[in-house]
Structure formats: C-alpha cells, structure tokens
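Structure record follows, encoded as structure tokens.
The values are calculated or read from the model by the stated rules, or taken from the named source; none is laboratory data. Keep in mind that this is a model prediction, so the values were computed, not measured. Because the Cβ atoms are built from the backbone with ideal geometry, glycine has one as well, and the counts that use them run over all protein chains shown.
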Amino acid sequence: MATASRYKESSFPVDYRAAEVGQIMSALYRQRSIAVTGLAGMGKSNVVRFIVSHPDVRSRYLQERADDYAFLHVDCAGLVVVAEAEILGEIAVQLPGDRVADLPRDARDVWRILKERVLDLNPDLNLVIVLDYFDEAVTVLDRSFFNRLFHLRNARSKGNLSYVFVTRRPLGSLYELQELLDDECAITPLGREDALVSIRRDEARLGCTFDAAQRDKLIVCTGGHPGFLKNACELLGSGRLDAGLPDEAFVRQLLDSGKVRNLCRELWDDLTPAEQSVLLKVVRGSSLPENADGGCVTYLERSGVLVREGGRTRVFCPLFETFVCGIGASTPCEICVAPVFPNQARIETPAGEAAVDLSPKLFALLAALSETRGDVLTTDDLIRCVYGDEALGVTNAALSQLVKRLRAAVDPYVRRLIKDQAYTCVETVRDVGYKLNG
C-alpha cells in the first residue's frame, strides 16, 4: 500500500479543488467528521489523498493549528479482506509512534490494541482517520464497527478524533457515529481552472502540448469530469482523436474508446433506476414532471450530473449526454397506458398489468392524449377534446387540476409495478401543453 508521501496528489497546486477541500478541512478544524461522496471517476479519492499528503494543505486550511493534526489514510480497496479486523488493524499500524508487531486476527483483540495505542497518543493531537473506497465496507460491516469508532473518539479526553468516509453514494445510518457527521461533501466535475491544471499535468505526463482551442474542446466535451478528461487527453495525445472535428463528432470519436464507454457505463450504473429515468427524460427533451422527482433531480444536481442553466436542465457534458442518448435509443417503451371503454385506464408493463377506474372527464383526457401518444397536445386542443361544448370558460388551471387527478389515479399503479418513483403518465411541456408517457 502506498504511503501518503508518495501520492501524486502531494505535488498538486495548493489551491486544488479549493471549495471541496475547504469544506472538508472546515469540518476537521471543528473536530467534526464528514462523508465525502462522488460518483464514478469524479476524483473523490484524489481529493482526500491531496489532503493527507500535500505538505502545505494543513497550513493553508488549519492555520495556527496545522501542527496539531495527524492524518491516517486507509485504502479499503487495497485490503486483503474487507472486514472489521483488517480495517481496525490498518488504523493501528498507521498511528504515530512505534510500529506494532503482528496483529491478532480477532476483531475484539485488534480493537483492544487500537484503543490502547490511541490512549497513548498526545492528548492535544487532533487525529483524522480517512476511510477511502469505503463502499464495499459499508455493506459488510455491522453496527459494532461504527460504535467502536464512536467509542474510540470518546476515549480521547478532548474528543479530538475525526473520521472522513469516502464513498460513491451517500452513506446510510452510522448509528451512534451519525451524530458526529457534518453534511456530506459532494465531489463534482472540475471547475475550469482545475481542469486546465489537470490537462497541463497530463501534457507533461504524455510528453505533448495542446493548444488553447484543444484544451477548451477537452473541457467542454468532458464537462471537466476527471476520469473523462484524463482518457480524452491520452487519446488526443496519442493521435487517436481529431480535435479539429465539431464537438458532436469529437464526442462520438471519444465513445469509440472502450475505456471511455466503460467509464460512462460505470457512471450510469452508479445511479438508481429512478435517477436514470430522470436522465432519459432530460436527454429526450421532456420536461421533468413536478410530482415525479422524488428527490432525484436534487441529487443529480448535487452530484454534478445535471446542471441548470437559464431555466433549462441539461446533462453536465456532451460526452455523457450522448452516451445516455444511446441507452435511450436502445430502450424501447415498455409501458403502455391506454383508455379502455367504459371509463378505465389499462396499464401494461413487463412487470405486470392493472386496470384503473376513471371518471368520465379523466377518461376523456386520457383518450385525447392517447390519440397523439408521444406528441404534445396544446392546452387549448386538450380543453376542446375533453370538455367539448363546455370548453368555453374552462381555464388552463382547471385543465392542470384534471391532469393532476389523472396522474394521481394512474401513477401509483405503474410505479409499484416498475419500481420507479420518477414515472408519471402525463408530462407537462412548459408553455405548450401535455403529452402521454407510455
């Protein structure tokens, strides 16, 4: 396992990812713990390795208390077995002081040794334990592990022991330890300045130099995603990419690389089915239904996958957007919601079927939408179709309420069948009208 002093991040500029690093260091300055999350390839491990290894990070962020901190970095992915005894043992051997002899295999014995070693430390030392690549560990560790970490902190007379948990997705409950956690720090794509530094670092590594236009194209097409950016630099540096192509063709050339496609697939697979459904709606140009979010849009924005610009929501980069479009094109509509006389909605999905009784007005609304399935019907046309001779005086607000009632009648059945809380049968197309989904 690499020691912190040998991490490549120790040579990064001291202002690397200043916002994220500042958030983490602020929590540690206050002797709090923090969860660091980032989807595939976002660079979360780069951030924590930078913190534990860079010689000037402590003085920049911890100022007068810089010399009072000791950082341990446990790479859980590098352990022979991801188990309580292994993790506790790795913490024990990295503690300041004399190196420990061979550790026992039983977690209770390792815990006893670890606690004794922590109690022997200078009581003024602020100890920070970083648990990197912690995703698998979360799935196999039980309550006793997290409670031991909680009690290890309490064993310090000043409570000056903090934890940094690094995972792709937000952690679930950490039991007693939960009360020590600050809000999580989400690692998202690089900002422009950090992306330019990353490109120049790759230029030095690859022995080439890109011009300003090439650097701009790399940043725009990858959205500053560290994994995408690194692969794109390698392909451009090796001559396998043509930076003279328009962005759309450049992106498709990028997707010819198996490594790039695999990283796109990893990022896609990190998302839940409901989040994937939201992305598919975005790339298809559908408006996101107000009642079908379930927190997915908020999470996708917080994790950097979706970006809001000028009232529009888009995928963060053309590369991933094109990948998602490809998935959408290969995924046929497998949900059918259709009107069945008299006054029923017939629901058919791969997971099962259902029938829902509707009022005459709701049936008329579904029938009108199904006539132009997938196409948008304007509010005026819908009002005429649904209300007929009574259309005069019917407002858009009244139609909106009818649409909400149809969603309330149909959506719960479909969501239960397909296990996708983002589904809605009717999509709102802002300032135009509505269209039927499936």
Just checking, how many residues over region 133-179 are more than 17 Å from A92 (Cβ to Cβ) and in contact with a Gly (Cβ under 9 Å, 6 or more places away or on another chain)?
5
How many residues does region 398-426 hold that are assigned to a helix (DSSP H, G or I) and acidic (D, E)?
1
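Residues are listed down the side, and each one gets a yes or a no for (1) over 31 Å from the mean Cα position of the chain (by Cα); (2) assigned to a helix (DSSP H, G or I):
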site: R108; (1), (2): yes, yes
site: I113; (1), (2): yes, yes
site: V118; (1), (2): yes, yes
site: V130; (1), (2): no, no
site: E136; (1), (2): no, yes
site: F146; (1), (2): no, yes
site: L152; (1), (2): no, yes
site: K158; (1), (2): yes, no
site: F165; (1), (2): no, no
Counting only residues in region 84-106 that are touching a residue at least 24 places away in the same chain (Cβ under 8 Å) and surrounded by fewer than 17 Cβ atoms within 10 Å (Cβ to Cβ), the one farthest from N46 (Cα to Cα) is identified as G97
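With outside any helix (DSSP H, G or I) and either not assigned by TED's automatic domain parsing to the domain that holds V197 or not charged (D, E, K, R) (or both) as the only criterion, which of A19, A70 stands out? Before the answer, list the steps.
On the way: A19 fails: outside any helix (DSSP H, G or I).
Answer to the check: A70.
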Here is a check on your reading of the model: is A422 surrounded by fewer than 21 Cβ atoms within 10 Å (Cβ to Cβ) and either out of contact with any Asp or Glu (no Cβ under 9 Å at 6 or more places or on another chain) or of a type outside the set (D, E, K, R) (or both)?
no
Would you call R373 among the charged types (D, E, K, R), loosely packed, with under 15 Cβ neighbours inside 10 Å, at pLDDT 85 or above and under 38 Å from the mean Cα position of the chain (by Cα)?
no
Kindly provide the set of residues from region 415-425 that are in contact with a strand residue (DSSP E or B) (Cβ under 6 Å, 6 or more places away or on another chain) and within 14 Å of V356 (Cα to Cα), ordered by number.
L417, C425
Considering only residues that are surrounded by fewer than 19 Cβ atoms within 10 Å (Cβ to Cβ) and either in contact with a His (Cβ under 9 Å, 6 or more places away or on another chain) or not in a loop (DSSP other than H, G, I, E, B) (or both), which ones fall in region 350-366?
G352, E353, A354, A355, D357, P360, K361
Output the residues belonging to region 42-67 that are part of a loop (DSSP other than H, G, I, E, B) and surrounded by fewer than 20 Cβ atoms within 10 Å (Cβ to Cβ).
P55, D56
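Quick grid of which residues meet (1) free of Cβ contacts under 8 Å to residues at least 40 places away in the same chain; (2) part of a loop (DSSP other than H, G, I, E, B):
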site	(1), (2)
L236	yes, no
L241	yes, yes
D256	yes, yes
A274	no, no
E301	yes, no
Of all residues making up region 167-184, the number that are among the polar types (S, T, N, Q) and either part of a loop (DSSP other than H, G, I, E, B) or surrounded by 15 or more Cβ atoms within 10 Å (Cβ to Cβ) (or both)
2
